[in-house]
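One structure is given below, encoded as structure tokens.
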Amino acid sequence: MAATEQTFDSLLTEDRAFPPPAEFAARANANDASIYARADADPEAYWADWSRRLHWFQPWDRVLDWQPPYAKWFVGGKLNAAYNCLDRHVEAGRGSRTALLWEGEPGDTRAYTYSDLHREVGRAANALKQMGVEKGDRVAIYLPMIPEAAIAMLACARIGAAHSVVFGGFSAESLRDRIRDAQAKVLITGDGGYRRGGVVPLKRAADEAVDEEGGCPSIQHVLVVRRHGAEGETVGGAQMKEGRDLWWHDVVEGASPDCPAEAMDSEDLLYILYTSGTTGKPKGIMHTTGGYLTQCLATTNLVFDLKDDDVYWCTADVGWVTGHSYIVYGPLANGATVLMYEGAPDAPDRGRFWKIVQDYGVTIFYTAPTAIRAFMKWGTEWPAKYDLSTLRLLGTVGEPINPEAWIWYHLNIGGGRCPIVDTWWQTETGAMMITPLPGITETVPGSATTPFPGIRADILSLKGECIPTGGGFLAIRRPWPSMLRGIWGDPQRFVDTYWSKWSGETVGSGEDGQPGESVYFPGDGAKRDERGYFWVIGRIDDVLNVAGHRIGTMEVESALVDHPSVAEAAVVGKAHELKGQAVAAFVTLKEGTEATEALKQELTEHVVRKIGAIARPDAILFAGDLPKTRSGKIMRRLLKDIAEGRALGDTTTLADPGVVARLKDEYEARGEG
Ligand code: PRX
């Protein structure tokens, strides 16, 4: 953890603190700090109160059934997520409120009221039913950032089919793996999405996923949204396949808008979302209905302080958990007005985001530190050109935010007046876990501050002892409503990955831990300061955080060794000014293969083809040999030292210490350090 120690040392010197502005606090949804003590004294009662804001077809009879590590929330209750996001507001006479404002990258716009969205979701739900989708099935969604992405998700929820959204930047092969794992019956895609002036040929990738290399036998239909081409044409030469492929506008637009919402059990699967872990195979994280929606509702309401006149914009893609919880489920469950933008922040120029804020009067803006660092680099002249005075609250998520970026964001986007909520959470936690409440919490740049009311986070040592101040492993000590319920098709991996870091006997010596307590391990290193604030430092497992996106080193290694020229590969994260981390790969070639620049390029493209552009290595180094322990384990720590240009750490356990010294020389000679 050498790099992260350095990071923390610089954070420790951070002594600027920002109390909530008085006017903000006076109107805030949460402005009474006693909420923490109340929630902590009886978390089940706290969450139960939130759940009662939802509409239940059948009320639950028990808040929590906790058989570690298996939790059931709101036991016996029946509800529907789409009903709660749409019908509930329409029935309360709020159907004419704007639900969704959308802008495409080329500048085309659409707006949906809650009634409009309700109707469109009903149509899409009926179309899915006509295509044979039933309650309990899975539907894969591989779409650009267009309203149909949210509509498709809610349509699945309406009929009780679980969606599995796959980020449009993933390759055909990644899509195929995810469809196969979830056994999806239908794939919803588009003919192409706009990105930085170009068109991403999604249908072509979808065809490659479904047709090639054994394909996806579970897929019965591919439903295609026309985003780009004229009728009959699709992007990149992809054609519609008779019988299998259907145009969205043919089957959805003609369908009846009346589709009753299925009464789902609180614990029925709402969705699967794949995320990277420490093996080559992504994990299908499972989220269920009642608890997930409750925590999305509560966190969106309090952390974003949502009001009727807010225009809320989260810049994430719906392909990530942030898009699930904070574009779709959380904001819509709150009846918010949500803005969605299809394209890149620098198309047609670097002022695009700020123009959108000005044009729509955005009041709440939620983005990632990697984006903020890019804005910093582009310069203050871009935001300065636009009127950003409607903004009243800013948020960040996805990775630690460096204090300089925090301050820049505060001054240049927030005009020095907007609180910033730095929200720590994960795909697995489903919703925010450690975050300020903007009307209560004094924020400190770089710290996600304290756990959300009802959440019990801690810092533990390897042995499971509580570390009141100082660094260790982040731990969650109590079940929470939106927690993952498992890994699709791999129950053992769920237990091993998240619930086996500390055995019951060792955890219990903490603050108030009970012997035998089950503790969730998120995979992050963190520290707690004197005032009890949490500073999340980053992953301590073999997972990289590249521009806020999780990438497993093993996934990239598998992609590399899949190439016929590669004998062995080791991938590490390398600190990167904008992306936080970048992928650095050390590759040994098969005998007789020549190490050329062209091959390096080919390997880079190979990774992109196997996984997607988000995994593109920044640096590939051909190595004669990789540093290994005597038992044959690759020493990634040393490779990281090399990639980041540091003095080598302890090499005494290596089988051949010369290997790593040679590698360091080679790396530096090539000027890659
Ligand atoms: O390492 C933490 C980092 O992102 C990881 C979760 O990634 P993912 O499941 O893709 O979800 C990202 C969006 C919720 C965490 O384990 N992370 C997320 N938010 C923060 C963060 N690190 C520091 N500060 C944050 N606010």
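Coordinate-derived values only; no laboratory data. Remember, predicted model here, so these are calculated numbers, not experimental data. In this analysis, Cβ positions are derived from the backbone assuming ideal geometry, glycine residues included, and neighbour counts consider all displayed protein chains.
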In whole angstrom, the spacing between the Cα centers of the stretch 455-483 and the stretch 235-264 equals 46 Å
proj_area_mean for the stretch 114-261 (convex hull on C-alpha atoms), units nm², value 8.3 nm²
At a Förster radius of 51 Å, what calculated FRET efficiency corresponds to the Cβ-Cβ distance of Asp211 and Ser389, to the nearest 0.05? 0.50
What's the Kirkwood radius of the stretch 597-665 in Å, using all Cα pairs? 13.3 Å
Which of the trypsin sites (Lys or Arg not before Pro) across the stretch 79-109 are loop residues per DSSP, with 11 or fewer other Cβ within 10 Å? none
For Arg195, the residues 5 or more places away or on another chain with a placed amide H closer than 5 Å to its own amide H are Val200
Go through the stretch 375-392 residue by residue and turn each phi into a ³J(HN,Hα) via Karplus (6.51, -1.76, 1.60, θ = phi - 60°); whole Hz please, and just put x for glycine and proline. 4, 4, 5, 6, x, 6, 5, 5, x, 5, 6, 10, 8, 9, 6, 6, 5, 10
Using a cut-off of under 20 Å, list every residue of the stretch 445-474 whose amide N is near the label point 7 Å from the Cα of Glu530 along the Cα-to-beta-carbon line. 445-450, 459, 467-472
Segment Asp250-Asp15, length gained on full extension (0.36 nm per residue, minus Cα span): 78.7 nm
Fully extended, how many nm does the chain gain between Asp108 and Ala37 (0.36 nm per residue separation, minus their Cα-Cα distance)? 20.8 nm
3J(HN,Hα) from dihedral phi, the stretch 359-365, Karplus parametrisation 6.51/-1.76/1.60, rounded to Hz, x for glycine, proline: 5, 9, x, 4, 10, 10, 10
Two-site label geometry, Leu578 and Arg53: point separation in nm, points 7 Å out along Cα→Cβ: 3.8 nm
Out of residues 5 or more away from Val311 or on other chains, whose amide H comes under 5 Å of its own, with H placed 1.01 Å from N in the peptide plane? Thr363, Ile364
Label model pair Lys307, Glu644: point-to-point distance (7 angstrom along the Cα→beta-carbon line) in nm is 4.3 nm
Glu594 versus Asp258: modelled label distance in nm, points set 7 Å from Cα along the beta carbon direction: 7.3 nm
Whole-number D in µm² s⁻¹ for the stretch 527-614, Kirkwood Cα-pair radius fed into Stokes-Einstein, 37 °C, 0.692 mPa s: 227 µm²/s
Listed by chain and number, the residues whose amide H is under 5 Å from that of Leu223, excluding neighbours fewer than 5 places away on the same chain and using placed H, are Leu187, Ile188, Thr189, Leu246
Hey, could you pull the Cα Rg and Dmax for the stretch 543-669, both in Å? 13.8, 39
Pairwise Cα inverse-distance average, inverted: Kirkwood Rh of the chain (Å): 25.7 Å
Restricting the stretch 426-504 to GluC sites (Glu not before Pro) in coil, as DSSP defines it, with at most 13 other Cβ within 10 Å: Glu442
Report the Cα centroid-to-centroid distance between the stretch 87-106 and the stretch 620-649 in angstrom, as an integer. 53 Å
Excluding residues on the same chain fewer than 8 positions from Lys377, give the lysines whose Cα lies under 22 Å from its Cα. Lys355, Lys385, Lys574, Lys579
